[in-house]
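Step one of this worksheet: look at the structure below.
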Protein chains: 2
Amino acid sequence: MEEAKGVVMHVVLAKFKDGIAENKIEEIIKDFANLVNIIEPMKSFNWGKDVSSENLNQGFTHIFESTFESTEGVAEYVAHPAHVDFANLFLSHVEKVIVIDYKPTALNPTNNVFNLFYADSLRSSMLEHQRRDGEREICNAFGASDSLALDWTTHCTSGM
Amino acid sequence: MEEAKGVVMHVVLAKFKDGIAENKIEEIIKDFANLVNIIEPMKSFNWGKDVSSENLNQGFTHIFESTFESTEGVAEYVAHPAHVDFANLFLSHVEKVIVIDYKPTALNPTNNVFNLFYADSLRSSMLEHQRRDGEREICNAFGASDSLALDWTTHCTSGM
């Protein structure tokens with residue numbers, strides 16, 4: 001089972017307390033998203049409301065997913081004062097919460113999807129010099145033979 | 001808040017029953033992953049064990065994330081006989097489970113990371129003609145001006 005190098009997904013499930021106004025929830029989500037701009041190891045943030053129809057959400061209504069380079073990065077995030085402040089606000093507004101961190105593993109032959117996912121997360125949140133260093137590292141990891149990114153562009157630019 | 005077009009993340013949290021052998025769990029995970037090869041709307045599959053240190057996993061030990069093109073795609077997956085068989089096996093081995101579906105929303109200016117994520121999920125799981133159709137659609141969506149993929153390749157092939 002192949003493991004994506006250096007990507008840790010940080011997954012938060014929440015049910016907000018009854019009676020909290022929708023615009024208060026939106027404000028909290030914006031504060032959550034803003035941590036990407038404050039805490040360096042946090043590389044991306046996405047969220048959504050549950051839309052499943054299997055009746056197995058156990059009452060959870062929201063999910064938040066962010067990416068980190070390492071479990072050490074998550075630990076740095078958890079301890080960061082901006083996160084501590086946010087977590088206090090967040091936890092006072094939720095009835096229940098689950099937090100899971102995991103290193104995504106595919107059973108497919110390659111895990112390029114997560115390399116690209118990670119690469120683009122880095123791109124969108126880094127300072128210029130961090131971005132350049134990160135890209136150099138990832139391009140080296142791709143290597144000359146691992147041409148998924150090249151291949152993709154060829155498809156987009158050739159007539160197909 | 002910008003929403004990624006057409007991507008639905010299907011997230012399953014589980015705690016396996018005590019006493020189930022590790023190799024049985026691995027077998028179940030392989031069966032889960034294999035649904036990508038059987039059920040057309042399921043575009044990718046990744047999983048991981050919880051490695052968080054925040055003590056908020058509420059006993060959940062495993063997470064499984066797959067991607068779909070639409071909520072209709074998830075519904076087709078849920079009703080598919082191969083999924084029904086697998087779900088019966090899976091549910092008989094877990095103590096508790098949560099299922100959340102969501103359409104990832106970023107608060108960043110673009111959501112290209114999910115476009116690429118989705119594009120590469122398509123690539124790895126499609127038949128040749130499905131892949132060509134999907135790529136044509138995605139290249140059209142990128143458009144001439146949205147050159148993140150091109151940009152990325154330029155960085156990899158130029159000296160940086």
### Summary
Averaged over the residues of B:91-99, the number of partner chain Cβ atoms within 10 Å of each residue's own Cβ comes to 3
### Task
Give, as a single signed number, the net charge of other residues whose beta carbon lies under 11 Å from the beta carbon of B:ILE20, with Lys and Arg counted +1 and Asp and Glu -1.
-2
### Message
From the phi angles alone, apply the Karplus equation (6.51, -1.76, 1.60; θ = phi - 60°) to the range A:29-37 and give each ³J(HN,Hα) in whole Hz, x where the residue is Gly or Pro.
### Response
5, 5, 4, 4, 4, 5, 4, 4, 7
### the range B:44-56 - phi-based ³J(HN,Hα) in whole Hz, Karplus 6.51/-1.76/1.60, Gly and Pro as x
7, 8, 9, 8, x, 8, 5, 10, 6, 10, 8, 6, 10
### Query
Between A:LYS30 and the same site in the other copies, what are the distances in nm, shortest first, taking label points 7 Å from Cα along the C-beta direction?
5.0
### Query
In nm, one decimal, shortest first: how far is the label point of A:GLN58 (7 Å from Cα along Cα to beta carbon) from the matching points in the other copies?
0.5
### Summary
Counting Lys and Arg as +1 and Asp and Glu as -1 over every other residue whose Cβ sits under 9 Å from the Cβ of B:HIS62, the net charge comes to +1
### Query
Looking only at other chains, what is the average number of their beta-carbon atoms within 10 angstrom of each beta-carbon in B:53-62?
5
### Query
Tally Lys/Arg at +1 and Asp/Glu at -1 over every other residue whose Cβ is under 15 Å from the Cβ of B:LYS96; what's the total?
-1
### Query
Using θ = phi - 60° and the Karplus curve 6.51 cos²θ - 1.76 cosθ + 1.60, what whole-Hz ³J(HN,Hα) does each residue of the range B:16-27 get, with Gly and Pro shown as x?
6, 4, 4, x, 7, 5, 4, 6, 5, 4, 4, 5
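The numbers here are math on the coordinates, done by the rules we state, and not lab data. Everything numeric in this text was worked out from a predicted model, so none of it was measured. Note that we place each Cβ from the backbone using ideal geometry, even for glycine, and neighbour counts take in every protein chain shown.
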